[in-house]
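Here's the structure we're looking at; comments come further down.
The values are calculated or read from the model by the stated rules, or taken from the named source; none is laboratory data. Remember, predicted model here, so these are calculated numbers, not experimental data. As a convention, Cβ positions derive from the backbone with ideal geometry for all residues, glycine included, and neighbour counts pool all protein chains shown.
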Amino acid sequence: MIVSRTLFSSALLCAACIISAGASAGQARHDRADGEPGRFDYYTVALSWSPAFCATRDDPNQCAPGRQNGFVLHGLWPQYAQGYPQQCSTEPLPLQTREKYAALFPSPKMITHQWQKHGTCSGLNPAAYFDLSARLRGQLAIPAPYQRPLLPVRTSYNEFVQAFRAANPRLADNAVLPLCASGGRFLREIHVCYDKRGGSMSCAPSAVRRSANTCRQPTFLMQSVR
C-alpha cells in the first residue's frame, strides 16, 4: 500500500513537471511570436493569384473588369522555421515612402498594413524594406502559361513547380510553394523563399508540408483573369 501511494505521488509530480514545462515552452513560443526587428530566419515573398481573391471579393482597385491581374504582390514576410513574427515595432510609414511604393500592391491600402504587420519585423527602414520587396518580386519570372490566362488552367503540383524552376533556373529546391483553397481545388497563392540577402533558398520543412497539404488534390485549377 505504501509503495502504491509512493508511485501515485511520483506520477503526480511528473505530471506537474510536464505541465509546467509545456507552459514554459508555450510562453517561449508566444514571446518568440511577438517578434524583434531583424530576428528571423528567412523571407517569403507571397504572391496572390488575383482571380482567386476576386472570386469572393469585390475590391474595385484589384478586381474591376478589365484589370486582368494575375499574380500580385501580397507581401514580403519575415519567417521563422516555425511561424512568423509580426508587428515588431511602432515605427511609422512615411508618407513619401507610401506614395512611392504603393503601386507595388494591387490595392493602395495594402502598403500600410504590410509595413505594420510584416515590414516592422525586417530590421530595415521602410524605404529599404519596400525596395527589397520590389526587387525580389521583379526578379521572379512567371511562366508564360500562368501569367494572364484568359481561360482556366488546370495543372498538377509538380507540373506547376517545375514550370517555375524552368523559368527561374537559379531557384533552390522547394523555393516556390503553391497554396490552394477549397480543399485543394483552386490555386490561392504562391510563397517564394529567400535568405536575408535576397538569395533563393528552400522554404522551411513546415512550409513545404503546409503547401502539400493545401494542394492535396491530384490537380488544381487556376481561375482565368478578368
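For the stretch 153-200, the set of residues classified as among the polar types (S, T, N, Q) and assigned to a loop (DSSP other than H, G, I, E, B) consists of Ser156, Asn168, Asn174, Ser182, listed by residue number. Could you please let me know if His118 is modelled with pLDDT of 95 or more and either surrounded by 18 or more Cβ atoms within 10 Å (Cβ to Cβ) or not assigned by TED's automatic domain parsing to the domain that holds Tyr43 (or both)? When the stated conditions are applied, His118 passes them.
Would you mind stating whether Gly183 is more than 21 Å from Leu73 (Cβ to Cβ), surrounded by fewer than 16 Cβ atoms within 10 Å (Cβ to Cβ) and modelled with pLDDT of 95 or more? Answer is yes for this residue. Condition first: over 15 Å from Pro152 (Cβ atoms) and free of Cβ contacts under 8 Å to residues at least 12 places away in the same chain. Now tell me which residues in the stretch 178-204 satisfy that. Answer for the stretch 178-204, where residues must be over 15 Å from Pro152 (Cβ atoms) and free of Cβ contacts under 8 Å to residues at least 12 places away in the same chain: Arg197, Gly199.
Note on the stretch 121-148: residues that are surrounded by fewer than 20 Cβ atoms within 10 Å (Cβ to Cβ), of a type outside the set (A, V, I, L, M) and part of a loop (DSSP other than H, G, I, E, B) total 5. The single residue among Thr97, Thr90, Thr44 that is in contact (Cβ under 8 Å) with a residue 24 or more places away in the chain and either among the aliphatic types (A, V, I, L, M) or closer than 20 Å to Gly198 by Cα (or both) turns out to be Thr44. So is Ala52 among the aliphatic types (A, V, I, L, M), outside any strand (DSSP E or B), in the same structural domain as Arg197 (by TED's automatic domain parsing) and out of contact with any Phe, Trp or Tyr (no Cβ under 7 Å at 6 or more places or on another chain) or not? No; evaluated as a whole, the condition is false for this residue.
The sole residue among Lys196, Lys100 that is under 16 Å from the mean Cα position of the chain (by Cα) and of a type in the set (D, E, K, R) is Lys196. Take the residues in the stretch 165-177 that are surrounded by 13 or more Cβ atoms within 10 Å (Cβ to Cβ) and in contact (Cβ under 8 Å) with a residue 24 or more places away in the chain, then tell me which one is farthest from the chain's Cα centre (by Cα). Here the answer is Ala167. If you go through the stretch 30-45 and keep only what is surrounded by 15 or more Cβ atoms within 10 Å (Cβ to Cβ) and modelled with pLDDT of 95 or more, you end up with Pro37, Phe40, Asp41, Tyr42, Tyr43, Thr44, Val45.
On the stretch given as the stretch 76-103, residues that are surrounded by 15 or more Cβ atoms within 10 Å (Cβ to Cβ) and outside any loop (DSSP other than H, G, I, E, B) total 9. Looking at the stretch 191-205, is at least one residue surrounded by fewer than 15 Cβ atoms within 10 Å (Cβ to Cβ) and hydroxyl-bearing (Ser, Thr, Tyr)? No, every residue in the stretch 191-205 fails to be surrounded by fewer than 15 Cβ atoms within 10 Å (Cβ to Cβ) and hydroxyl-bearing (Ser, Thr, Tyr). Residue-level check: of (1) more than 16 Å from Tyr43 (Cβ to Cβ); (2) touching a residue at least 60 places away in the same chain (Cβ under 8 Å), Leu136 misses just (1). With respect to the conditions (1) under 23 Å from Gln223 (Cα atoms); (2) at pLDDT 95 or above, Ser107 lacks only one, and its number is (2).
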